[in-house]
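The values are calculated or read from the model by the stated rules, or taken from the named source; none is laboratory data. What you are looking at is a predicted structure, and each value in this text was computed from that prediction instead of being measured. For neighbour counting, all protein chains shown are included, and Cβ atoms are generated from backbone atoms with ideal geometry for every residue, glycine included. Accessible surface is based on the protein model in full, side chains and every heavy atom, while ligands, DNA and RNA are left aside. Shrake-Rupley method; radii C 1.70, N 1.55, O 1.52, S 1.80 Å.
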Amino acid sequence: MCDQTFLVNVFGSCDKCFKQRALRPVFKKSQQLSYCSTCVEIVSATSCGLELSVLDTEARSLTHALPGWRTSTQGGESMHQVAERVEALGQFIMKTRRTLKGHGNKVLCMDWCRDKRRIVSSSQDGKVIVWDSFTTNKEHAVTMPCTWVMACAYAPSGCAIACGGLDNKCSVYPLTFDKNENMAARKKSVAMHTNYLSACSFTNSDMQILTASGDGTCALWDVESGQLLQSFHGHGADVLCLHLAPSETGNTFVSGGTGTVCTEEEELAACPSSEFHVCGSGCPVLGLSLVITAVVEGLTGCDKKAIVWDMRSGQCVQAFETHGSDINSVRYYPSGDAFASGSDDATCRLYDLRADREVAVYSKESIIFGASSVDFSLSGRLLFAGYNDYTINLWDVLKGARVSILFGHENRVSTLRVSPDGTAFCSGSWDHTLRHAVENRPLEAGFGAAPLGLRRLSREGQHGDKGAGAQQTQC
């Protein structure tokens, strides 16, 4: 018994080209026609082209209409108005507990170890130093083959550090208990860019690392093999910073950089999507899970933006454009639902990723210098911002009021980070030092240190930001 299936071709006159060929049934408006294979392909391509043209026109009309819809829905209460019913924060007095001295030039970057004690810092002097922040001792020191070591990061396990700068590479150094061991001999070059390395960060394991570069790209690398796992293209110029999102999966990160002129076609290429909403200049974007980049001041077009990327696909999925100048720093809110940015326009801004819009601006007329670095307290109630006027401002995230000004550095504050447990923060400056600061209050008997942003002093003198009356503290 034959179990084979045979295809029977019907030959005849094609209803479109009228040639004698093998025919295929085609239904057009419920009417069955017989077309040859060539005519079927022509009709299919023509109909698909028409459909794509209609969809493209509809998408562009929605893109241009969304700004008006967004404006019409912003008539309700702002975050600061809603927060008026929230109890004000108390007076904050911060005090420098330790000053870390050892760099011979500008401190450019620093990072905390997850043990909440050790700090790694990099400097323009070409050195990377691992500090014990409790004793101020230097535990390890590495001399890089170039000056301007612009990036450094601690591995999650605390057993390695990564760094890089003008050498265009990201190098990983394992840390050991033997302080006399030659760390340079165990160096592993993981990432190679075509321009300087501006930032790096391990993911939630020691096996992968994210890098940002002056070549306009971000990249995800395998530490063991040095293989490129994913690249992120779309910046018009230098990418300056990045921050991994606070999530279990580790599939999102935030980065910041600079941009130049971008055509509409380049915008669409950077942000391909089928479900459109608007970014500042009409760039259609799609709301997926998050990787944020900040593209900053160039000439015209897609500049001064914060761009959200999907870390797994490498695609742009969200974009924001409200800053008036370079975005120097971006940092996720502790919940991962928002992020803050600091810019050369002397403002810090808060963006809600769920609402797809800016929800707060932190600025004062008296602040005329750019913000170089930002970070949140553990609770998310405070925003720390380092400025080029040598100060650190503490902002109440909900109320938008400045609650304290910290002094102490003698040059530009280039980097600052809150400790993993939220009990202290460390700042680095162009004055060659790092300062380890905590809130200046005696702890009650039987109580440990509470995270910054949750502790309060006595209610005496409690106030918000009253012009120049914000608390000024020697940091």
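The calculated FRET efficiency for the pair VAL359 and SER189, based on their C-beta separation and a Förster distance of 56 Å, comes to about 0.85. Taking amide H atoms as placed 1.01 Å from N in the peptide plane, the amide H of VAL403 lies under 5 Å from those of LEU394, TRP395, ASP396, each 5 or more residues away in sequence or on another chain.
In this structure, the amide hydrogen of SER329, modeled 1.01 Å from its nitrogen in the peptide plane, lies closer than 5 angstrom to those of GLY342, counting only residues at least 5 positions away or on a different chain. Note on SER37 and LYS116: their simple-model spin labels are 7.1 nm apart, each label 7 Å out from Cα toward Cβ.
Are there trypsin sites (Lys or Arg not before Pro) in segment 159-231 that DSSP puts in a loop and that have at most 14 other Cβ atoms within 10 Å, and which ones? Passing both the DSSP loop test and the Cβ count: LYS179. Largest first, the residues MET150, MET144, MET207 sort by 1.4 Å accessible area into MET207, MET150, MET144. Taking all protein chains together and a 1.4 Å probe, the residues LYS95, LYS305 rank LYS95, LYS305 from largest to smallest accessible area. Taking 0.36 nm per residue of separation and subtracting the Cα-Cα distance, full extension of the segment from PHE11 to ASN251 would add 80.8 nm.
Pop the C-beta distance of ASP178 and ASP56 into the FRET formula with R0 = 41 Å and round what comes out to the nearest 0.05. E between ASP178 and ASP56, to the nearest 0.05, is 0.05. Computed from the Cβ-Cβ distance with R0 of 41 Å, the FRET efficiency linking ALA65 to THR143 stands at 0.10.
Sorting 333-345, 10-22 by average packing, meaning the other beta carbons within 10 Å per residue, from highest down gives 333-345, 10-22. Label sites at ARG85 and SER379, each approximated as a point 7 angstrom past Cα along Cα to Cβ, lie 1.9 nm apart. The distance linking segment 80-113 with segment 336-395 is 12 Å (Cα centroid to Cα centroid, whole angstrom). Prolate is the label for segment 85-195, because a/c, from the alpha-carbon gyration tensor with a ≥ b ≥ c as root eigenvalues, is 1.5 or above and a/b exceeds b/c.
Charge dipole (Cα centre; +1 on Lys/Arg Cβ, -1 on Asp/Glu Cβ; no other charges) of segment 69-196 amounts to roughly 280 debye. Solvent-accessible surface of segment 133-175, taken per residue with a 1.4 Å probe and all protein chains present: 35 Å². For segment 190-248, carbon and sulfur atoms together expose 49% of the accessible surface, with a 1.4 angstrom probe and every protein chain in place. With 19 Å as the limit on Cα-Cα distance, the pairs of LYS106/LYS188; LYS127/LYS187; LYS127/LYS169; LYS169/LYS305 that go past it are LYS106/LYS188; LYS169/LYS305.
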